[in-house]
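The values are calculated or read from the model by the stated rules, or taken from the named source; none is laboratory data. Nothing here was measured: the structure is a model prediction, and the numbers come from that model. So basically every Cβ, Gly included, is an ideal-geometry build from the backbone, and we count neighbours across all protein chains shown.
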Amino acid sequence: MKVTEGFLAYVLDQLAQWEGVYTQKMFGGVGLFYEGLMFGLVYNDSVALKVDLSNQSKYIAAGEAPITVFKTNTPLPSYYTVPGSVFENASDFVSWAKESYQIQVQKL
């Protein structure tokens, strides 16, 4: 799950208005974290956010699907790819990312 430095820098730039987001290398990709909770994953120069029943339908409506990881292309149904139109709009991307963070908060 290769991640180029340039793509990761762009992801973090898109999230810049949400202070405190940080990254951690994991599973061959890079996790996106806020206050100790992982809400997203950067992998193969794409980005995915945490989903559950509260937000999954909007990803599906946008034509997105669960990410597949590892060489076996194992689906990871709790993380969906982010629509390009959302990712390219920093305000929208931050809003969707915060929803994914809230999913993790509610699990506590």
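A few comments on the model shown:
- Only a single criterion out of (1) at pLDDT below 95; (2) under 22 Å from residue 12 (Cα atoms) is not satisfied by residue 65, namely (2).
- Odd one out for residue 13 among (1) at pLDDT below 95; (2) on the phi < 0 side of the Ramachandran plot: (1)
- Screening segment 54-76 for residues that are of a type in the set (D, E, K, R) and over 19 Å from residue 31 (Cα atoms) and picking the one that is farthest from the chain's Cα centre (by Cα) gives 58.
Okay, residues lined up against (1) touching a residue at least 40 places away in the same chain (Cβ under 8 Å); (2) of a type in the set (Gly, Ala, Ser); (3) closer than 19 Å to residue 3 by Cβ:
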site: 34; (1), (2), (3): yes, no, yes
site: 45; (1), (2), (3): yes, no, yes
site: 49; (1), (2), (3): yes, no, yes
site: 52; (1), (2), (3): yes, no, no
site: 58; (1), (2), (3): no, no, no
site: 62; (1), (2), (3): no, yes, no
site: 75; (1), (2), (3): no, no, no
site: 104; (1), (2), (3): yes, no, no
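- Summed over segment 33-83, residues that are in a loop (DSSP other than H, G, I, E, B), out of contact with any helix residue (DSSP H, G or I) (no Cβ under 6 Å at 6 or more places or on another chain) and surrounded by fewer than 19 Cβ atoms within 10 Å (Cβ to Cβ) total 13.
- Per-region count, segment 6-29, residues under 19 Å from residue 84 (Cα atoms) and among the acidic types (Asp, Glu): 1
- Answer residue from segment 8-32, given it is in contact (Cβ under 8 Å) with a residue 12 or more places away in the chain, assigned to a loop (DSSP other than H, G, I, E, B) and not aliphatic (A, V, I, L, M) and is surrounded by the fewest Cβ atoms within 10 Å (Cβ to Cβ) among those: 20
- Against the numbered list (1) touching a residue at least 40 places away in the same chain (Cβ under 8 Å); (2) within 18 Å of residue 101 (Cα to Cα); (3) more than 11 Å from the chain's Cα centre (by Cα), residue 2 comes up short only at (2).
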